[in-house]
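Asks: Structure incoming, see below.
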Amino acid sequence: MNLQFMVLFLVLSLILMFLNLKHWSTLKRGMRRLYFLLYAMTFGLYAAVLLGYKIPMPTQFFIAHVSPWMFSLIHG
């Protein structure tokens, strides 16, 4: 992965998180949990990519498996 993208993504994520922190006190408990879950997932995926773990993406599965099958159905 591109180091410049990784650094920019981390900086933007942290800025958005800190901007949203002042609004968390006005949110209901369920929405606070959802925010926390989304940020935890984001930073968890970021850490996994940083450690070199290749995360499977749905588009890769579609291109590798579904698209050739669909192409064979249409042109078969």
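Asks: Go through the residues of the range 27-34 one by one and say whether even a single one is in a loop (DSSP other than H, G, I, E, B) and at pLDDT 90 or above. Explain how you work it out, then say what you get.
Replies: Here is the first cut: in the range 27-34, the residues in a loop (DSSP other than H, G, I, E, B) are 27-28.
If we keep only those that are at pLDDT 90 or above as well, we get 28.
Yes, the conditions are met somewhere in the range 27-34.
Asks: Out of everything in the range 1-23 that is polar (S, T, N, Q) and modelled with pLDDT under 85, what residue ends up being surrounded by the fewest Cβ atoms within 10 Å (Cβ to Cβ)?
Replies: Residues of the range 1-23 polar (S, T, N, Q): 2, 4, 13, 20.
Subset that is modelled with pLDDT under 85: 2, 20.
On the way: ASN2: 8, ASN20: 12.
If we take residues in the range 1-23 being polar (S, T, N, Q) and modelled with pLDDT under 85, then ASN2 is surrounded by the fewest Cβ atoms within 10 Å (Cβ to Cβ).
Asks: Collect the residues in the range 8-26 that are of a type in the set (Val, Ile, Thr) and not in a loop (DSSP other than H, G, I, E, B), keeping them in residue-number order. Before the answer, list the steps.
Replies: Going residue by residue through the range 8-26, those that are of a type in the set (Val, Ile, Thr) are 11, 15, 26.
Within the range 8-26, VAL11, ILE15 qualify.
Asks: What tally of residues in the range 34-76 results from selecting those that are loosely packed, with under 11 Cβ neighbours inside 10 Å and touching a Leu at 6+ places or on another chain (Cβ under 7 Å)?
Replies: So the answer is 1.
Asks: Follow-up. List the residue pairs whose Cβ atoms are under 9 Å apart, where the first residue sits in the range 22-50 and is farther than 29 Å from GLN4 by Cα, the second is surrounded by 10 or more Cβ atoms within 10 Å (Cβ to Cβ) and hydroxyl-bearing (Ser, Thr, Tyr), and the two are 6 or more positions apart or on different chains.
Replies: Listed pairs, sorted by first residue: TRP24/TYR35; LEU27/TYR35.
Asks: Okay, next question. Does THR26 satisfy the condition of being among the β-branched types (Val, Ile, Thr) and open to solvent by 100 Å² or more (accessible area, probe 1.4 Å)? Working first, answer last.
Replies: Details: among the β-branched types (Val, Ile, Thr): yes; open to solvent by 100 Å² or more (accessible area, probe 1.4 Å): yes.
For THR26, the condition - among the β-branched types (Val, Ile, Thr) and open to solvent by 100 Å² or more (accessible area, probe 1.4 Å) - is met.
The values are calculated or read from the model by the stated rules, or taken from the named source; none is laboratory data. Just so it is clear, the model here is predicted, and its values are computed rather than measured. Every residue, glycine among them, receives a Cβ derived from its backbone with ideal geometry; neighbour counts consider all protein chains shown. To get the accessible areas, we keep the full protein, side chains included, count just its heavy atoms, and leave off ligands, DNA and RNA. Shrake-Rupley method; radii C 1.70, N 1.55, O 1.52, S 1.80 Å.
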